[in-house]
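Written below as structure tokens is the structure these notes are about.
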Amino acid sequence: MKNNKFYNIITYGCQMNKHDSERLAGMLEEMGYQPTDKYENADIILLNTCIIRENAELKVFGKLGELKRYKRENPDLIIGIGGCMMQQDEPVDEVYKKYRHVDLIFGTHNIHHLPDLINKIEKTRDRVVEVWDEEEGLIPDLPSQRKSEHSAWISIIQGCDNFCTYCIVPYVRGRERSRPLTSIVKEAEKLAADGVKEITLLGQNVNSYGNDLEKETTFPKLLAELNKVQKLKRIRFMTSHPRDFSDELLEKIAELDKVANHIHLPIQSGSNKVLKQMNRGYTREYYIERVEKIRKEMPHASVSTDFIVGFPGETEADFEQTINLVKELNFDMAYTFIYSPRSGTPAASRKDQIDEEVKKKRLKTLMDLQNKISYDKNQKLIGSTQEVLVTGASDSNPKVYEGRTSTNKICFFEKREELIGELVNVKIEAAKSWTLDGTIIGK
Ligand code: 5AD
Ligand code: SF4
């Protein structure tokens, strides 16, 4: 039932956060709210925050400042802030004390309480802060207001137990908790019945799915069950931890026809010294062996990764190791980040922090190299035929349509409205570092 009230959600950060925002939107729509792009028309504005790097936090404070005038113009407007940043005391204090126009502060473990929290504010007009320190089991299944009709995210495991020494995630998302296999399969079946063709399974470390459930529940088993869901065409997943990327999993991925030809396997550094200090639980040699095995079992698969440059104590020689590894492994794509100290993590209190200028220089060297490798790899695809799931008009160029290949590359082609949501064959005619151009040659 519509109530003529409008909401706007501003989301920062990873897919997990974007998916949480879909669930926040789902709850608001069940309460009768409708979406709006314009802050001036909104009755509720929610910020879903990220804390993974410092610049994510700075953006949030900037946005809070900007929203002040909408509250001044409409005192009934409810402004709420949730997500990972709000699981830490310092930012909560700062928001509460300095941003008096914020009505609601909530955390990552209690998003399902949003309707109650809003009702409370509407009744009392008091400011409400409700952040749970500890997760209380799984967040229950919630309605989702999805952006795409044909692709959907499914959360399979919440939290992370790895405690990489640079990372704040385990502190703000809690310990690993897997969703029961049957409830995931049911959700996938329902989505497929609604016309979804592609699902992406989400978790900080999807490979440890099931470790906290009964013995037989594993990630390869989950993939095998989901592969049976009729009408579903593609299964993606992220993120994998190299340490837990087993032979059994690789064999399953290679065997199951719906599982996409793409593996995102963050390495973070090419130096064994740095990997050890990051507490990643594997060596450079082990990682190289994993990628070689992926390429042997799945010759058409793409492999992407994440790197952090400028981890405390990283020497020029350590960085050279990263550069050598990039040259050796020929990744299809890499996400590259400058190390950002996160207060409360072990690496942040180290005395041997790297100078910002050095970090920037290393980032540029790494990005330039990877862009060149991605370009060369994509050039080799010219003339090949790729299977693409048609998404619709491209954001960057509305004159063409776009979609992704099984290998997760963005591909542009001519507009064909009747093919939205279909898998089509595209002949590749041109390529850049990040995108491909082609022509549809059939279904
Ligand atoms: N600084 C920079 N990058 C980070 N990441 C995680 N924590 C930090 C940090 N403190 C990166 C890692 C991870 C990706 C999601 O974000 O590369 O794989
Ligand atoms: Fe952070 Fe490491 Fe967990 Fe990834 S695996 S979320 S980098 S602690």
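The residue pairs whose first member lies in region 195-216 and is closer than 23 Å to Val169 by Cβ, whose second member is of a type in the set (A, V, I, L, M, F, W, C) and surrounded by fewer than 16 Cβ atoms within 10 Å (Cβ to Cβ), and whose beta carbons are closer than 8 Å, counting only pairs six or more residues apart or on different chains, do not exist in this structure. In a residue-by-residue description of region 191-211, the property of being among the β-branched types (Val, Ile, Thr), in a helix (DSSP H, G or I), within 12 Å of ligand 2 (Cβ to nearest atom) and under 28 Å from Gly421 (Cα atoms) applies to at least one position. Among the numbered conditions (1) surrounded by fewer than 22 Cβ atoms within 10 Å (Cβ to Cβ); (2) at pLDDT 95 or above, the only one that Glu216 does not meet is (2).
Tell me whether region 342-353 contains one or more residues that are in the same structural domain as Ser269 (by TED's automatic domain parsing), surrounded by fewer than 20 Cβ atoms within 10 Å (Cβ to Cβ) and near ligand 1 (Cβ under 10 Å from one of its atoms). Yes - at least one qualifying residue is present in region 342-353. Would you confirm, using the coordinates I've provided, whether Lys359 is surrounded by fewer than 16 Cβ atoms within 10 Å (Cβ to Cβ) and assigned by TED's automatic domain parsing to the domain that holds Ala317? Answer is no for this residue. Mind listing whichever residues of region 114-169 are in contact with a Leu (Cβ under 7 Å, 6 or more places away or on another chain) and within 16 Å of ligand 2 (Cβ to nearest atom)? Answer for region 114-169, where residues must be in contact with a Leu (Cβ under 7 Å, 6 or more places away or on another chain) and within 16 Å of ligand 2 (Cβ to nearest atom): Ser155, Ile156, Gln158. Can you tell me which residue within region 288-310, out of those that are over 13 Å from Leu250 (Cα atoms) and out of contact with any Lys or Arg (no Cβ under 9 Å at 6 or more places or on another chain), is surrounded by the fewest Cβ atoms within 10 Å (Cβ to Cβ)? Applying the filter and picking the extreme gives His300.
Here region 115-171 is the region considered, the condition is being β-branched (Val, Ile, Thr) and assigned to a loop (DSSP other than H, G, I, E, B), and the residue that is farthest from Asn8 (Cα to Cα) is Thr165.
Residue count for region 364-393, restricted to those that are surrounded by fewer than 18 Cβ atoms within 10 Å (Cβ to Cβ) and either acidic (Asp, Glu) or modelled with pLDDT under 95 (or both): 4.
Arg173 passes every criterion in (1) within 17 Å of the chain's Cα centre (by Cα); (2) more than 16 Å from ligand 1 (Cβ to nearest atom); (3) among the basic types (Lys, Arg); (4) in the same structural domain as Gln230 (by TED's automatic domain parsing) apart from (2).
Within region 312-342, restricting attention to residues that are part of a loop (DSSP other than H, G, I, E, B) and more than 22 Å from the chain's Cα centre (by Cα), which residue is nearest to Ile52 (Cα to Cα)? Per the stated criteria, the residue is Pro312.
The values are calculated or read from the model by the stated rules, or taken from the named source; none is laboratory data. This structure is a prediction, so every number in the text was calculated from the model and none was measured. Cβ sites come from the backbone with ideal geometry, for glycine too, and all protein chains shown count toward neighbours.
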